[in-house]
Amino acid sequence: MSNTGVNTWESPVEFFNLVSQRAKELYDGLDDFTVELLDYSENATYLVKNLEANEKRILRVCRPDYHSKEEIESEVKWLQLIDADTEVVVSKPIPGSNGEYLQSVTLDENNREYHCVLFTFLEGETPDVDNEDKLVRVFKEIGKTTACFHKHSIRNWERFNQIKRPIWNYESLIGDNPKWGRWQDGKGISPEREELLNRVSTVIEKRLEKFGKGWERFGLIHADLRHANLLIDNEKKLVQVIDFDDSGFGWYLYDFAASLTFIEHRSYVPKLIEAWLEGYQSVRKLSEEEVNEIPTFIMMRRMQLIAWIGSRDNETAAELGAEYSEQTDQMAKDYLEKFN
């Protein structure tokens, strides 16, 4: 769900289709595969498939000038380490014919490089946010998976701090330098609502300063564990994880807040928190202070998403619209009552 501004690219989708066709030629064994556009928003994502052989891959053409080559290479390396060192099932990068995982295509007159990565295809279904009972059960497994990520990140804290990935802190989430735009520019932000959320933002900043960024609380995270990036293997009862494009350095509890993306206001959220904590703490224990701070991360993610909706021109943003901001009012008041 990355975004630096409005949802536009400089070239039409047809151009990125050409990039994808050229990229396919850089991998062995894909001559008989077709390339089909799946999504054209944050990046251009393609399904690469061979129906006769029943084989599928996922090709991502990265949005230019969002992540550097070094950052994408770091993402690939982390995926490989997760696959090698943990039980978490992820979509694994596939090397090109030259043995490199990051391939580059140059087509336009400016000789701009379009970085591409090919991934394994994972079968599964995304969690159904409208099926409360099933979602609660799934959130226990999401908690376990998230804890596995975090244990791996903590074990490799010093090593990972040497790699290049975005930083998700207060400033880049809802502060003065937000990656997804200003929440103040969100849809439905009236003067009264802006004043309310300004008060919330001030409390969040103070609490996070006190909470700190120690190695046991702040490290390399997925940063976008929303339901669209989780695939459930019902037979094995596994939560599989895709799309590490937003992965970077942030608070571990932010990963939980991201799991509630767009549903933070729903009445069943307390049950999801309880289920997630049960699953998470079966793998990694949290302190009482950490558990008590969960509402801060949920509220911060909610405000970040208000900014995202305000800066986007796509179907999801249009569907959520100003109502999403309006539904935040009670959350904000409850948060202030609890912490102010």
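Output the residues belonging to region 83-122 that are among the basic types (Lys, Arg) and touching a helix residue (DSSP H, G or I) at 6+ places or on another chain (Cβ under 8 Å).
Selection gives LYS92 alone.
With respect to VAL129, is the statement that it is open to solvent by 30 Å² or more (accessible area, probe 1.4 Å), touching a residue at least 40 places away in the same chain (Cβ under 8 Å), farther than 30 Å from VAL19 by Cβ and among the aliphatic types (A, V, I, L, M) true?
When the stated conditions are applied, VAL129 does not pass them.
Considering only residues of region 23-40 that are of a type outside the set (A, V, I, L, M, F, W, C) and surrounded by 17 or more Cβ atoms within 10 Å (Cβ to Cβ), which is nearest to ASP243 (Cα to Cα)?
TYR40
Please specify each residue of region 245-264 satisfying the condition of being modelled with pLDDT of 95 or more, within 10 Å of the chain's Cα centre (by Cα) and not polar (S, T, N, Q).
GLY248, ASP255, ALA258
For a quick check of your reading of the model, give me the residue pairs whose first member lies in region 132-143 and is without any contact (Cβ under 8 Å) to a residue 24 or more places away in the chain, whose second is open to solvent by 20 Å² or more (accessible area, probe 1.4 Å), with beta-carbon atoms closer than 9 Å and at least 6 apart or on different chains.
So the pair list comes out as LYS134/ASP128.
So is GLY143 crowded, with 18+ Cβ neighbours inside 10 Å and not in a loop (DSSP other than H, G, I, E, B) or not? Break it down stepwise before answering.
Numbers: crowded, with 18+ Cβ neighbours inside 10 Å: yes; not in a loop (DSSP other than H, G, I, E, B): yes.
Yes; evaluated as a whole, the condition is true for this residue.
When the residues of region 52-68 are narrowed to those that are part of a strand (DSSP E or B) and open to solvent by less than 20 Å² (accessible area, probe 1.4 Å), which ends up farthest from ASN111 (Cα to Cα)?
LEU59
Read through the list (1) charged (D, E, K, R); (2) at pLDDT 95 or above; (3) not in a helix (DSSP H, G or I), then give the number of the only condition that ASP108 fails.
(2)
Out of LYS92, LYS49, LYS77, report the one residue that is more than 27 Å from ALA317 (Cα to Cα), in contact with a Leu (Cβ under 9 Å, 6 or more places away or on another chain), of a type in the set (Lys, Arg) and open to solvent by 30 Å² or more (accessible area, probe 1.4 Å).
LYS92
Is region 4-15 home to any residue that is in contact with a strand residue (DSSP E or B) (Cβ under 6 Å, 6 or more places away or on another chain), within 17 Å of LEU118 (Cβ to Cβ) and of a type outside the set (S, T, N, Q)?
no
Quick grid of which residues meet (1) under 18 Å from the mean Cα position of the chain (by Cα); (2) not hydrophobic (A, V, I, L, M, F, W, C):
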site	(1), (2)
ALA44	yes, no
GLU55	no, yes
VAL61	yes, no
TYR66	yes, yes
GLU70	no, yes
LEU79	yes, no
PRO93	yes, yes
ASN98	no, yes
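From the list ARG182, ARG226, which residue is open to solvent by 40 Å² or more (accessible area, probe 1.4 Å), closer than 20 Å to VAL88 by Cβ and not aromatic (Phe, Trp, Tyr)? Working first, answer last.
On the way: ARG182 fails: closer than 20 Å to VAL88 by Cβ.
Unique residue meeting the criteria: ARG226.
I'm told TYR27 meets every condition in (1) farther than 30 Å from GLY143 by Cα; (2) aromatic (Phe, Trp, Tyr); (3) at pLDDT below 95; (4) not in a helix (DSSP H, G or I) except one. Can you identify the failing condition by its number?
In the conditions (1) farther than 30 Å from GLY143 by Cα; (2) aromatic (Phe, Trp, Tyr); (3) at pLDDT below 95; (4) not in a helix (DSSP H, G or I), TYR27 misses (3) alone.
Residue check: is GLN162 surrounded by fewer than 20 Cβ atoms within 10 Å (Cβ to Cβ), polar (S, T, N, Q), within 14 Å of the chain's Cα centre (by Cα) and over 25 Å from ASP313 (Cα atoms)?
Here the answer is no, as GLN162 does not meet what is asked.
Which of (1) open to solvent by less than 10 Å² (accessible area, probe 1.4 Å); (2) more than 23 Å from SER68 (Cα to Cα); (3) touching a Gly at 6+ places or on another chain (Cβ under 7 Å); (4) hydrophobic (A, V, I, L, M, F, W, C) is the odd one out, the single condition LEU231 does not satisfy?
So the condition that LEU231 fails would be (1).
Looking at region 57-67, is at least one residue without any contact (Cβ under 8 Å) to a residue 60 or more places away in the chain, farther than 21 Å from ARG312 by Cα and not hydrophobic (A, V, I, L, M, F, W, C)?
The answer is no; no qualifying residue exists.
Could you please find all residues in region 169-200 being under 23 Å from GLY214 (Cβ atoms) and assigned to a helix (DSSP H, G or I)?
Within region 169-200, TYR170, GLU171, SER172, LEU173 qualify.
Where the second residue is in a helix (DSSP H, G or I) and open to solvent by 10 Å² or more (accessible area, probe 1.4 Å) and the first is over 17 Å from VAL117 (Cα atoms) and lies in region 75-91, which pairs have Cβ atoms under 7 Å and are six or more apart or on separate chains?
THR86/CYS148; GLU87/CYS148; VAL88/THR145; VAL88/CYS148
ASN177 fails exactly one of the following numbered conditions: (1) under 24 Å from PRO93 (Cα atoms); (2) of a type outside the set (D, E, K, R); (3) exposed (fewer than 15 other Cβ atoms within 10 Å of the Cβ). What is the number of that condition?
Among (1) under 24 Å from PRO93 (Cα atoms); (2) of a type outside the set (D, E, K, R); (3) exposed (fewer than 15 other Cβ atoms within 10 Å of the Cβ), ASN177 violates only (1).
The values are calculated or read from the model by the stated rules, or taken from the named source; none is laboratory data. Keep in mind that what you see is a predicted model, and the values were worked out from it rather than measured. Reconstructed Cβ throughout: ideal geometry from the backbone, glycine too, with neighbour counts over all protein chains shown. Only protein heavy atoms, including side chains, enter the accessible area calculation; ligands, DNA and RNA are left aside. Shrake-Rupley method; radii C 1.70, N 1.55, O 1.52, S 1.80 Å.
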